[in-house]
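Contents: one structure, followed by commentary.
Readers should treat all values here as calculations from the given coordinates under stated rules, not as data from a laboratory. Remember, predicted model here, so these are calculated numbers, not experimental data. With ideal geometry, Cβ positions are generated from the backbone for all residues, glycine too; neighbour counts draw on all protein chains shown.
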Amino acid sequence: MTKEADTFYQEIIDRLIYTSIGCFCRLFPPSAPTDPTYRRNAVRTVANYFKKENQFIFWIDGPNAEALAKEFKSISPGLVVAAPGADMSILDSFSDNTPDVNLLSQLFLIYPKNRTINISC
């Protein structure tokens with residue numbers, strides 16, 4: 001990891017700790033390379049770098065996500081991973097039949113695309 005990237009991530013971590021919030025860290029955006037070696041190296045780098053930072057939920061999706069999540073957890077077992085077969089799942093959408101959909105939406109303010117929320121001041 002470059003010095004600039006290290007500085008950037010440390011600033012984010014400091015802000016998260018100061019504000020007592022966490023965030024999702026999506027390892028692979030839709031435009032990320034699908035090369036297995038690239039993805040495995042990226043997972044290893046992130047898992048090692050953030051090994052002691054529990055402010056993040058690490059989101060792994062795309063090709064071979066379940067195996068990559070297992071690799072991540074083998075390096076950093078104390079961190080939370082959202083991926084198939086990992087600590088959490090990421091849903092593209094959910095319906096009223098999805099277990100605990102109302103509880104989830106209230107706890108985490110998750111609103112699927114087909115629902116709207118109105119906020120007025």
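Close amide-amide hydrogen proximity is noted between V80 and F58, each under 5 Å apart and 5 or more residues distant or on a separate chain (H modeled in the peptide plane; Pro and chain starts excluded).
Spin-label model, C23/E66: points 7 Å from Cα along the beta carbon direction are separated by 3.1 nm.
Simple spin-label estimate for T2 and I90 gives 2.4 nm between the two label positions (7 Å along the Cα-to-Cβ direction from each Cα). Annotation: the residues T45, T34, T2, sorted from fewest to most other C-beta atoms within 10 Å of their own C-beta, follow the order T2, T34, T45.
Backbone phi angles across segment 67-77, fed through the Karplus curve with coefficients 6.51, -1.76 and 1.60 (θ = phi - 60°), yield HN-Hα couplings of 5, 5, 5, 5, 4, 4, 5, 5, 8, 10, x Hz in residue order; Gly and Pro are listed as x.
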